[in-house]
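Asks: Encoded as structure tokens, here's the structure I'll be asking about.
The values are calculated or read from the model by the stated rules, or taken from the named source; none is laboratory data. Since the structure is predicted, the reported quantities are computational estimates derived from the model, not experimental observations. We place every Cβ from the backbone using ideal geometry, glycine too, and count neighbours over all the protein chains shown. What goes into the accessible areas is simple: the full protein's heavy atoms, side chains included, and nothing from ligands, DNA or RNA. Shrake-Rupley method; radii C 1.70, N 1.55, O 1.52, S 1.80 Å.
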Amino acid sequence: MNRILILAGLASLALCAWVLPLIVSDYVVRLLIMVCINIVLVGSMCLANGFTGVFSLGQVGFVAIGAYVSGILSLSLADKASYLPDLPMFLAHIEMATLPATLIAGLVCAAIAIVVGLPLMRLSGHHVSVATMGFMIIVNVVIINADSFTRGARTFTGVPTDMTLPWVVGWAVLAIFLLARLIYSPIGLALRSVREDVIAAQAVGLPVLGTRLLAFSFGAFLAGVGGSLYGHYLGSFSAQTFFFPLMVSLITMLVLGGMSSLSGVVTGVIVVTALSEMLRNLERGVHLGPVSIPPLFGASQVVLGLLFILVMIYRPRGLFEDREISSVFKRRKQRSNS
Amino acid sequence: MNSLEFTIQQIINAVSLGSLYAMVAVGLSMVFGILKMTNFAHGDMMMTGSYATVLLSALGVPFPIAIVAGIAVSALTGILAERIAYRPVRGAPDVTLLLTSLALTYVLENLAILIFSGSPRSFPTPDWMNEVFAFSDGAITFTSVDIISSTSAILSLLGLGWFVSHTTTGLGMRAAAEDMAAAALVGLDINRLIVIAFAIASGFAGLAGMLWAAQSGIIEPDMGFSPLLKAFVAAIVGGFGSIAGAVLGGYLLGALEILIVGFGPTELSPYRDAIVFALLIVFLLFRPGGIMQANREVKL
């Protein structure tokens, strides 16, 4: 029964994704694509940051690696010859479709995460945050200097822009599905025990480092996938696209909804995206009859930042804390049964 | 070029750069010592003070007064930040504190963009600050700004050292850093100490910001960000929470950067920041207490 419901839900979602672009404007479609990509990206952060309790500030480094790896793999041969003439032979003759390029980007990120995480996941608290931020800065410097792979500080361009709504909806649903399977399984329980009490988790025989590493590298896989999607949505990007501003906006989404709840992740993404779009329209200046407000550049970020601080003060674990929408329904059902 | 003169020139550059890092790192370390808080918004105190100075000197206020007023504005921003954003989350897990300061950075920088626009403005330095001293036919050159920043850094840092070891308030701050609950039990006013720590830390950041602006000639809303990141490294390398460690870390970092740029192979110098942050990670892993402090166990 449950399974049929899920299948029906997925089918209707897919149908929506196909039909929606015919009905609504391009602007709304673009917004929805951004929401879906951000769900993948913020979802990739919630696993380590929320459920395992190692707050990484370096996720955007993996997003950057994902975007560049996938971009290099899927660039057409002609573009490669003109934009990246110094590319090594084994890469210069590859032209991949978006899907395999995205998967490879994710796998590359996961592999890097294992290497980087092996030392870094031993740290806790703000130490791990600062160290992973260092990782992000190192990635940024390397991208800017690895001219023959990334065009250096110049814009990396020519990536096929083939991200349609059905694709990104599919990826977002898949990401949330995989995360839910992982989080609400015995492994997920291990993740949360590591977060709640490291010593107690060690005492019952959990490999703390291994558990954190699993969360970090799976998160990095999703970040790489999300980065690839983002790259294929933008078409051209530079090292600065994947730096502190992106990190802050992803963290705002993560923290607002509640980083140890998947419902919180989705809600955070939708609320922040909707809010910043609305505010951005206001920012351009508004004419309300005789009253006209001049354009206020930066105002939307100020409001979002203040919202972030308010959430930290009044609801530091986010809107959903660690609850899910589904558990609310379950509790109601139990109550009505008893 | 004579290699001795080249070396002297590089030492001058290293001291000048290290002074700026030390002044920013000292504030980070003071706040971390007491609150165990990684303060991302510290760099923006550099920005608020410099904007205040530019604004005041544009209004015709004499430059030295504008500088003092700018430092006061920085200190005031720090106090307000503590009162409005940090005090309500005090005692929360350290990641919550870190995120609050990250959000505050975002607010302050965008507020500056909103008010002053995002484009850089020139920092009007009086002529006596731009005077160039050249020796050995120009092989060794430095400006008054270099002298001013080095001497004011050393003097103010010595003053701070005297303050925390010879005054009741300074000793109280160190006691609070050692054990806040015990300090409160013996009757120290913790809130007052924290406010003073933020005022001093932000004042130092303000002074560093102005010297930074005088050297580069411009100010912009995110001007505090890159020095802040370097100051993080300096503070952690020196020993996060230790004032002497932060100063030492600042000068070491300045020396390291100049060493890479001045003496390393040319292919290495664009990777300067990567090397600096790799050093940060190495220290976090193997000596999280930094140079000045005993190893605290933070690893698994």
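Asks: Order the peptides A:263-275, B:94-106 from the highest to the lowest mean number of other Cβ atoms within 10 Å of their residues.
Replies: B:94-106, A:263-275
Asks: Follow-up question, since we're still on this one. With a point put 7 Å past each Cα toward its Cβ, work out how far residue B:179 is from residue A:148 in nm, to one decimal.
Replies: Reported label-point gap for residue B:179 and residue A:148 is 6.0 nm.
Asks: Next question. For the full complex of protein chains and a 1.4 angstrom probe, list B:166, B:42 by accessible area with the highest value first.
Replies: The ordering from most to least exposed comes out as B:166, B:42.
Asks: Going highest first, how would you order B:70-77, A:100-107, B:43-50, B:178-185 by mean Cβ packing within 10 Å?
Replies: Details: B:70-77: 23.0, A:100-107: 21.2, B:43-50: 30.0, B:178-185: 13.1.
Highest mean packing first, the order is B:43-50, B:70-77, A:100-107, B:178-185.
Asks: For chain A, give the percent of accessible area contributed by carbon and sulfur heavy atoms, probe 1.4 Å, rounded to a whole number. Present the calculation step by step, with values, prior to reporting the outcome.
Replies: Numbers: 10540 of 15150 Å².
For chain A, the apolar C and S fraction of the accessible surface comes to 70 percent.
Asks: Here's a follow-up. To the nearest 0.05, what FRET efficiency results for residue A:79 and residue B:263 with a Förster distance of 41 Å applied to their C-beta separation?
Replies: Working: r = 40 Å, r/R0 = 0.98.
For residue A:79 and residue B:263, the calculated efficiency is 0.55.
Asks: Would you calculate the convex hull of the Cα atoms in chain A and tell me its volume per residue in Å³?
Replies: In chain A, the Cα hull volume divided by residue count equals 185 Å³.
Asks: Using r as the Cβ-Cβ distance of residue A:95 and residue B:186, and R0 as 56 Å, what FRET efficiency do you calculate, to the nearest 0.05?
Replies: 0.20
Asks: Going by average Cβ neighbours within 10 Å, how do the peptides A:303-314, A:120-131, A:194-205, A:56-67 rank, with the highest at the top?
Replies: Numbers: A:303-314: 19.2, A:120-131: 22.9, A:194-205: 13.2, A:56-67: 30.6.
Output ranking for A:303-314, A:120-131, A:194-205, A:56-67: A:56-67, A:120-131, A:303-314, A:194-205.
Asks: Moving to a separate point now. Can you send over the carbon and sulfur percentage of the accessible area for segment B:3-286, probe radius 1.4 Å, protein chains only? Mind dumping the intermediate values first?
Replies: Numbers: 7740 of 11060 Å².
Using a 1.4 Å probe with all protein chains present, segment B:3-286 comes out at 70 percent carbon and sulfur.
Asks: Then there's this: Between residue B:195 and residue A:203, what is the FRET efficiency for a Förster distance of 51 Å, r being their Cβ-Cβ separation, to the nearest 0.05? Write down the numbers at each step before the final one.
Replies: Working: r = 42 Å, r/R0 = 0.82.
The formula returns an efficiency of 0.75 here.
Asks: While we're on this one: So, with +1 on the Cβ of K and R and -1 on the Cβ of D and E, and no other charges, what is the size of the charge dipole of segment B:134-282 about its Cα centre, to the nearest 20 debye?
Replies: 300
Asks: Could you tell me the convex hull volume per residue, in Å³, taken over the Cα atoms of segment B:2-103?
Replies: 135
Asks: Just tell me how shielded A:137-149 is by partners: mean number of partner chain Cβ atoms within 10 Å of each residue's Cβ, no decimals.
Replies: Across A:137-149, the average partner-chain Cβ count within 10 Å equals 3.
Asks: While we're on this one: Counting protein heavy atoms only and a 1.4 angstrom probe, how many square angstrom of accessible surface do chains B and A bury in total, to the nearest 100? Each step should come with its number before you reach the end.
Replies: On the way: alone 14080 and 16950 Å², together 27350 Å².
Counting both chains, the buried surface is close to 3700 Å².
Asks: Determine the principal axes of the Cα atoms in the protein assembly as shown, then give the extent along each, sorted from largest to smallest and rounded to whole angstroms.
Replies: Over the protein assembly as shown, Cα extents along the principal axes are 81, 66, 66 Å.
Asks: Summarise the partner chain shielding of B:89-100 as one whole number: the mean count of Cβ atoms from other chains within 10 Å of each residue's Cβ.
Replies: What the average comes to for B:89-100 is 6.
Asks: Give me the Kirkwood hydrodynamic radius of segment B:133-209 in Å, from all C-alpha pairs, to one decimal place?
Replies: Working: mean 1/r = 0.0677 Å⁻¹.
Averaging 1/r across every pair of different Cα atoms and inverting gives 14.8 Å.
Asks: Another one. Given H placed 1.01 Å from N in the peptide plane, which residues other than close sequence neighbours of residue A:153 have an amide H under 5 Å from its amide H?
Replies: The list, which skips near neighbours in sequence, is empty: none.
Asks: Something else now. Give, in whole angstrom and from largest to smallest, the semi-axes √(5λ) of the equivalent ellipsoid of segment A:209-250, with λ running over the eigenvalues of the Cα gyration tensor. Intermediate values should be presented prior to the final figure.
Replies: Details: eigenvalues 115, 33, 10 Å².
Square roots of five times the eigenvalues give 24, 13, 7 Å.
Asks: List residues of segment B:111-154, by number, whose backbone nitrogen lies under 20 Å from a label position 7 Å along Cα→C-beta of residue A:30.
Replies: Label zone hits: none.
Asks: May I ask you to derive the relative contact order of chain A, considering only C-alpha pairs under 8 Å and at least 6 residues apart, and to give it as an integer percent?
Replies: Reported as a whole number, the value is 27 percent.
Asks: For segment A:46-195, list log₁₀ I(q)/I(0) at each q in 0.17, 0.18, 0.21 Å⁻¹, using the Debye formula over Cα point scatterers of equal strength and ignoring solvent, two decimals each.
Replies: -1.08, -1.16, -1.33
Asks: Can you run the Rg to Rh ratio on segment B:3-286? Use alpha carbon positions and the Kirkwood inverse-distance Rh.
Replies: So for segment B:3-286, dividing Rg by the Kirkwood Rh gives 0.97.
Asks: Round to the nearest 10 and report in Å² the accessible area of residue A:171, as given by a 1.4 Å probe over the protein chains' heavy atoms.
Replies: Spelled out: residue A:171, probe radius 1.4 Å, area about 30 Å².
Asks: Mind checking Rg over Rh on segment A:17-104, alpha carbons, Kirkwood formula for Rh?
Replies: Here the Rg-to-Rh quotient is 1.09.
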